[in-house]
Amino acid sequence: MKIKNLSKKFNDQLIFQNINIDFEKGKIYSIFGKNGIGKTTLLNILNGNLDFDEGNITNNDETIFIADNDIPFEFMTANDFIEETFKFKNYKYSQEEKEQLFVQLDFHTEDKIIKDFSKGMKSKLYLIIAFLSNPKILLLDEPFVDIDIISFQNITQILKDKSSKMTIIFSTHIAKIAYELADEIIYLQTNQATKILNNFKNSEELEKNILNNLSIDTTRNSIEN
């Protein structure tokens with residue numbers, strides 16, 4: 001998937017302008033940036049949920065976007081919801097893989113209805129459906145907000161195992177998560193998206209690199225203005 005000269009405004013507020021990003025199959029990308037910079041907006045554009053004002057996006061077919069939304073039909077069990085979701089999509093999934101994901105994610109719901117799930121369990125359910133769908137491009141908006149540390153490690157491993165067959169793009173504002181999971185970090189700012197190879201020794205080194213770049217950009221903008 002390729003983004004070229006992408007710009008987006010809401011009314012008179014500029015969200016981002018003329019950003020360019022190449023996403024390659026087989027890699028995990030973190031859209032990283034401060035709160036309110038437009039990470040969720042960008043993911044919605046990539047999924048086709050939002051229009052953009054200028055630019056071009058190519059090869060963004062077969063995407064699945066997982067965001068923090070309420071699950072419909074909350075009076076179903078998890079198994080029923082998975083079954084009905086794939087029946088609606090007319091897509092067959094692997095029962096063996098589903099059972100394996102239940103074990104990996106410690107997803108033991110028994111006969112509880114979704115309404116009684118914690119937010120973390122609802123997040124796991126969405127992720128299980130995404131993993132079973134095997135899309136070309138998987139988009140995740142702040143996927144670890146309600147996930148415990150053990151589950152985070154398990155989900156990270158599943159994403160790394162899956163990444164050879166798809167492009168995975170997730171948003172976060174937490175350096176440790178970006179460092180643990182991403183092959184490359186896309187540092188999003190209003191006027192540019194900077195791609196950073198994740199070869200850092202630790203998350204603190206990543207944070208320092210981004211803060212240094214931000215300081216340079218802020219100084220440059222001050223001089224130009």
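Summary table below
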item: Candidate set: region 95-145, residues that are among the polar types (S, T, N, Q) and on the phi < 0 side of the Ramachandran plot; chosen: the one surrounded by the most Cβ atoms within 10 Å (Cβ to Cβ); result: 123
item: Those residues of region 90-128 which are of a type outside the set (Gly, Ala, Ser) and over 24 Å from residue 161 (Cα atoms), in sequence order; result: 90, 109, 110, 111, 112, 113, 114, 115, 116, 117, 119
item: Close pairs (7 angstrom Cβ cut-off, 6 or more residues apart or separate chains): surrounded by 16 or more Cβ atoms within 10 Å (Cβ to Cβ) in region 183-202, among the basic types (Lys, Arg) and not in a strand (DSSP E or B) anywhere; result: 183/27; 184/27; 188/39
item: Matching residues, region 71-105, being in a loop (DSSP other than H, G, I, E, B) and more than 23 Å from residue 135 (Cα to Cα); result: 73, 74, 75, 76
item: Cβ pairs under 6 Å, 6+ apart, first in region 82-107 and closer than 16 Å to residue 158 by Cβ, second surrounded by fewer than 17 Cβ atoms within 10 Å (Cβ to Cβ) and of a type outside the set (S, T, N, Q); result: 93/86
item: Region 1-18 residues that are in contact (Cβ under 8 Å) with a residue 12 or more places away in the chain and surrounded by fewer than 13 Cβ atoms within 10 Å (Cβ to Cβ), paired with ones that are among the aromatic types (Phe, Trp, Tyr) and in a loop (DSSP other than H, G, I, E, B) (beta carbon under 9 Å, 6 or more apart); result: none
item: Qualifying residue in region 152-173 (condition: of a type in the set (Gly, Ala, Ser) and touching a strand residue (DSSP E or B) at 6+ places or on another chain (Cβ under 8 Å)); result: yes
item: Residue check, residue 151 part of a helix (DSSP H, G or I), in contact with a Leu (Cβ under 9 Å, 6 or more places away or on another chain) and modelled with pLDDT under 95; result: yes
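The values are calculated or read from the model by the stated rules, or taken from the named source; none is laboratory data. For clarity, every value in this text was computed on a predicted model and none was experimentally measured. Methodologically, a virtual Cβ is constructed for each residue, glycine included, from the backbone with ideal geometry; neighbour enumeration extends over all protein chains shown.
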